[in-house]
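The values are calculated or read from the model by the stated rules, or taken from the named source; none is laboratory data. These numbers were taken from a predicted model, which means no experiment stands behind them. Ideal geometry is used to build each Cβ from the backbone, glycine not excepted, and the neighbour counts take in all protein chains shown. Ligands, DNA and RNA are excluded from the accessible area calculation, which covers all protein heavy atoms including side chains. Shrake-Rupley method; radii C 1.70, N 1.55, O 1.52, S 1.80 Å.
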Amino acid sequence: MLNKIERSGGEAVVQYLDSNLRVVKPGAYVRCAVTGVEIPLDELKYWSVERQEAYASPEAVMMRISGQPAPRK
């Protein structure tokens, strides 16, 4: 569980493991590798151990796997 000290601040640096993650540098969020959106650490569900990347949604995972670009806003 993340405590308030770990969540303070901006972007976290995270090591993505098989079924868990390790916070290397505390922060409140990580960025989606596909969309760039901020993902609060306590809401992070999708990541790649091989690529060491976080994803905001299953759609972002599929975009990365298929090589499709992220939709422009």
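Every residue, every condition in (1) modelled with pLDDT under 95; (2) of a type in the set (Gly, Ala, Ser), yes or no:
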site	(1), (2)
Leu2	yes, no
Val13	no, no
Ala28	no, yes
Glu38	no, no
(request) Quickly run through the range 23-56 and pick out the residues that are open to solvent by 30 Å² or more (accessible area, probe 1.4 Å), of a type in the set (Ser, Thr, Tyr), more than 14 Å from Ala12 (Cα to Cα) and out of contact with any Phe, Trp or Tyr (no Cβ under 6 Å at 6 or more places or on another chain). (result) Thr35
(request) Determine the pairs where a residue that is in contact (Cβ under 8 Å) with a residue 12 or more places away in the chain and closer than 10 Å to Val34 by Cα, located within the range 47-68, has a partner that is open to solvent by 30 Å² or more (accessible area, probe 1.4 Å) and part of a helix (DSSP H, G or I) with Cβ atoms under 7 Å apart, the partner being 6 or more residues away or on another chain. (result) Tyr55/Val61; Tyr55/Arg64
(request) Output the number of residues of the range 4-22 satisfying the condition of being out of contact with any Phe, Trp or Tyr (no Cβ under 9 Å at 6 or more places or on another chain), among the hydrophobic types (A, V, I, L, M, F, W, C) and in a strand (DSSP E or B). (result) 1
(message) Among the residues in the range 49-57, are any under 14 Å from the mean Cα position of the chain (by Cα), on the phi > 0 side of the Ramachandran plot and modelled with pLDDT of 95 or more?
(response) yes
